[in-house]
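Trainee: Sharing a structure, written as structure tokens. Questions coming.
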There are 2 protein chains.
Amino acid sequence: MQMTYLRSFRASRYCASQRPLSCILSNTIRAFAAAASSPPSKAVVYEQHGSPDGVVRVVDLPSVEIKENDVCVRMMASPINPSDINRIEGVYPVRPQVPAVAGYEGVGEVHSVGPAVNRLAVGDWVIPSPPSSGTWQTYMVKEESAWHKICKEVPMEYAATITVNPLTALRMLGDFVKLTSGDSIVQNGATSIVGQCIIQLAKINGVSSINIIRDRPGSEEVKEKTKKLGADLVYTESQLSMKNIKSLLADIPEPHIGFNCVGGDSASLVLKLLRQGGTMVTYGGMSKKPITMSTSSFIFKDLALRGFWLQKLMTGDGAIACRPMIDYLLSLVRRGELKYEMEAVPFSDFSTALDKAMGKLGSQPKQVIIF
Amino acid sequence: MQMTYLRSFRASRYCASQRPLSCILSNTIRAFAAAASSPPSKAVVYEQHGSPDGVVRVVDLPSVEIKENDVCVRMMASPINPSDINRIEGVYPVRPQVPAVAGYEGVGEVHSVGPAVNRLAVGDWVIPSPPSSGTWQTYMVKEESAWHKICKEVPMEYAATITVNPLTALRMLGDFVKLTSGDSIVQNGATSIVGQCIIQLAKINGVSSINIIRDRPGSEEVKEKTKKLGADLVYTESQLSMKNIKSLLADIPEPHIGFNCVGGDSASLVLKLLRQGGTMVTYGGMSKKPITMSTSSFIFKDLALRGFWLQKLMTGDGAIACRPMIDYLLSLVRRGELKYEMEAVPFSDFSTALDKAMGKLGSQPKQVIIF
């Protein structure tokens with residue numbers, strides 16, 4: 001399924017200015033070394049924080065030296081995640097030092113290796129592990145230990161996107177409560193990629209899912225699509241604005257755990273559906289509204305509220321511990337048991353992809369840049 | 001310190017009506033049996049749920065049979081807790097079956113025992129364990145296993161009140177995070193009995209306390225009093241409405257855990273003072289306002305919100321597990337290391353005590369009925 005995309009880089013509004021480019025990446029030493037070096041890289045960089053369409057530019061970066069433990073990777077694909085936008089805006093809790101190359105996850109093919117590298121070889125497919133800033137460029141150089149070799153039998157868009165959203169779904173299903181076959185979960189934002197992964201991963205483990213979607217035109221179609229993915233129940237928020245909400249569960253047991261990426265009233269619906277002693281995990285806040293819960297729900301219903309942040313899990317040895325999980329997720333992709341919607345976009349169309357990812361062109365599938 | 005109170009029961013607005021009294025306690029068989037029986041009991045009963053000053057009456061209940069495993073206890077003292085009011089109102093999640101004798105904890109002296117009783121003897125001091133409905137009366141009969149013998153060297157008001165509030169403080173300090181010497185906690189409602197116990201129990205374990213009190217006339221005096229009890233820092237809510245709130249902590253470490261019995265903005269102050277990864281435990285909601293928290297506090301600050309309900313801990317073997325903790329708390333009382341304000345009131349003044357407990361006469365210390 002590997003696709004061929006226009007690789008030629010066309011001047012665009014993201015094109016480099018006349019500033020000396022060698023100073024753009026202060027934390028990466030790029031030099032025309034006598035030793036082996038990477039090819040020059042085309043990269044999406046920003047020199048200050050702000051709205052991405054105002055501050056990012058596509059520039060040519062010079063070659064960098066490949067040291068003895070380094071691996072030079074020709075990047076193949078990288079997604080535009082909401083957190084990438086937030087990092088560029090400077091509103092993310094971990095504010096990347098500028099100037100910086102944007103992007104946080106992706107997949108590439110090993111292009112060349114330093115003399116001490118023994119685990120990776122030219123032609124291997126690798127992902128940065130832990131994911132880290134700088135994936136929106138054509139060539140990346142990092143130490144061998146920072147790359148995780150993956151199997152090549154998956155579409156590259158999936159390899160490029162497996163670390164952030166599907167891993168979030170997998171970890172959230174396992175990290176908070178012990179779910180076993182016959183249990184159920186509830187979630188809002190069920191059409192997000194994390195939401196789609198939760199539905200499928202739950203199903204694989206015999207866990208039913210109760211899904212909440214927004215009220216909008218076409219919600220019946222969305223329901224059908226979500227059910228085809230494996231969702232047991234799908235309701236719009238307005239369908240759940242009733243007193244005896246639990247009567248809707250029919251023979252599905254009340255859920256131990258709920259996942260919230262919306263906040264506000266939508267989060268309250270998740271809370272209402274939880275069983276006594278249940279836990280709601282917040283991993284996003286699309287409505288930009290906070291989460292509100294009554295005192296009695298804490299005391300007498302014994303609900304617990306928690307948060308999930310993938311990046312926190314990736315510190316120290318966390319990323320190493322996640323590698324087998326990534327392999328597991330990719331094996332599901334290979335077997336056709338895990339899928340989600342994406343749109344592959346050639347790098348030359350980055351500007352449009354960014355507009356779509358920023359929501360300027362209405363609801364769009366996840367944008368994945370193909371380099 | 002045992003006090004003598006007027007024991008004669010005077011007719012009052014709580015006095016019994018002309019209804020046959022034998023039908024009042026449907027779940028307790030009281031009969032003039034040929035076998036050993038209890039003395040008649042004067043009891044605060046309610047036959048329907050509603051505002052306590054409208055529905056409770058003090059009535060004479062006939063003797064009950066003392067079966068072979070039963071212990072008849074002459075009640076000495078019992079407090080009026082907010083949850084007692086809620087139970088009478090019928091707004092508590094566990095709604096006592098009516099008609100019922102009110103009250104939930106207390107202390108008494110063993111008056112007589114059934115022939116198979118071997119652990120308790122006449123004259124022992126005992127508390128109902130688990131605490132249970134029916135302590136607002138002069139004689140209570142329950143199986144031996146439902147009573148916990150305590151030492152007699154504590155003021156009876158403390159023995160009567162040790163199970164609900166001090167045990168809540170002790171359990172909350174231990175059940176959620178591992179606190180060690182040098183740590184700190186934050187709480188609102190710091191002048192409540194639970195709040196006063198938290199301050200002292202924290203201090204005993206080398207844990208500092210940051211305390212939030214309401215803005216009200218006399219708050220400076222309240223601060224001084226709270227500090228004398230062992231509080232490290234005491235602030236009014238308005239003092240904490242500042243941007244750099246953590247600068248107030250000075251050399252006290254940011255707290256791992258916070259306790260909230262107020263809700264609304266006061267709960268938000270507790271959340272603001274918590275460290276990354278901290279937990280707030282809600283055990284009351286005096287402001288009747290819910291708890292609101294931002295999405296980013298869940299995801300990036302990794303705060304967790306939990307609830308605490310003592311009654312839940314008292315099911316199954318929970319009450320047995322709590323008995324050594326009660327003994328520990330009473331040992332602290334005996335050594336003068338745990339104290340809190342109470343007002344001992346003779347049973348004959350029950351009506352006034354109830355008015356005070358219901359807040360009709362302004363802020364008042366905990367009312368403890370002495371039978």
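Trainee: Suppose the filter is more than 22 Å from the chain's Cα centre (by Cα) and closer than 26 Å to residue B:366 by Cα; does residue B:99 pass it?
Mentor: yes
Trainee: In the stretch A:262-276, how many residues are over 15 Å from residue A:245 (Cβ atoms) and open to solvent by 40 Å² or more (accessible area, probe 1.4 Å)?
Mentor: 0
Trainee: Being open to solvent by less than 10 Å² (accessible area, probe 1.4 Å) and in contact with a strand residue (DSSP E or B) (Cβ under 8 Å, 6 or more places away or on another chain) is the filter here; which residues of the stretch A:157-181 pass it?
Mentor: Scanning the stretch A:157-181 gives A:159, A:160, A:161, A:162, A:163, A:172.
Trainee: Tell me the residue from B:126, B:194, B:186 that is in the same structural domain as residue B:238 (by TED's automatic domain parsing), in contact with a Leu (Cβ under 8 Å, 6 or more places away or on another chain), at pLDDT 95 or above and not in a loop (DSSP other than H, G, I, E, B), please.
Mentor: Exactly one residue qualifies, and that residue is B:186.
Trainee: Pull up the stretch B:138-153, narrow it to residues that are of a type in the set (D, E, K, R) and not in a loop (DSSP other than H, G, I, E, B), then point me to the one that is nearest to residue B:332 (Cα to Cα).
Mentor: If we filter the stretch B:138-153 for residues that are of a type in the set (D, E, K, R), which is where we start, we get B:142-144, B:149, B:152-153.
From the residues that got through so far, the ones that are not in a loop (DSSP other than H, G, I, E, B) too are B:142-144, B:149.
On the way: B:142: 28, B:143: 28, B:144: 26, B:149: 17 Å.
Selected residue: B:149.
Trainee: Answer yes or no as to whether residue B:272 is touching a residue at least 12 places away in the same chain (Cβ under 8 Å) and among the charged types (D, E, K, R).
Mentor: Numbers: touching a residue at least 12 places away in the same chain (Cβ under 8 Å): yes; among the charged types (D, E, K, R): yes.
It is true that residue B:272 is touching a residue at least 12 places away in the same chain (Cβ under 8 Å) and among the charged types (D, E, K, R).
Trainee: Within the stretch B:221-230, is even one residue under 16 Å from residue B:166 (Cα atoms) and of a type outside the set (Ser, Thr, Tyr)?
Mentor: So far as the stretch B:221-230 goes, yes, one or more of its residues are under 16 Å from residue B:166 (Cα atoms) and of a type outside the set (Ser, Thr, Tyr).
Trainee: I need the full set of residues from the stretch A:338-353 which are out of contact with any helix residue (DSSP H, G or I) (no Cβ under 6 Å at 6 or more places or on another chain) and in contact (Cβ under 8 Å) with a residue 12 or more places away in the chain, in order please.
Mentor: Result: A:339, A:341, A:343, A:346, A:347, A:348, A:350, A:351, A:353.
Trainee: Oh, and also: If you go through the stretch A:224-259, how many residues are open to solvent by less than 50 Å² (accessible area, probe 1.4 Å) and in a helix (DSSP H, G or I)?
Mentor: Number satisfying all stated conditions: 5.
Yes or no, residue by residue, for (1) in contact (Cβ under 8 Å) with a residue 24 or more places away in the chain; (2) open to solvent by less than 10 Å² (accessible area, probe 1.4 Å); (3) among the charged types (D, E, K, R); (4) in contact with a helix residue (DSSP H, G or I) (Cβ under 7 Å, 6 or more places away or on another chain):
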residue: B:88; (1), (2), (3), (4): yes, yes, no, yes
residue: B:121; (1), (2), (3), (4): no, no, no, no
residue: B:124; (1), (2), (3), (4): yes, no, yes, no
residue: B:129; (1), (2), (3), (4): yes, yes, no, yes
residue: B:134; (1), (2), (3), (4): yes, yes, no, no
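Trainee: Can you find, within the stretch B:278-323, the residue that is farthest from the other protein chains (Cβ to nearest Cβ) among those that are open to solvent by less than 10 Å² (accessible area, probe 1.4 Å) and closer than 15 Å to residue A:300 by Cα?
Mentor: For the stretch B:278-323, the residue satisfying everything is B:281.
Trainee: When you check residue B:142 against the structure, is it at pLDDT 95 or above, among the basic types (Lys, Arg) and closer than 30 Å to residue B:114 by Cβ, yes or no?
Mentor: Here the answer is yes, as residue B:142 does meet what is asked.
The values are calculated or read from the model by the stated rules, or taken from the named source; none is laboratory data. Everything quoted here is computed from the prediction, not taken from an experiment. Virtual Cβ from ideal backbone geometry, glycine too; neighbours counted across all protein chains shown. When the accessible area is computed, the model is the full protein with side chains, heavy atoms only, and any ligands, DNA or RNA have been set aside. Shrake-Rupley method; radii C 1.70, N 1.55, O 1.52, S 1.80 Å.
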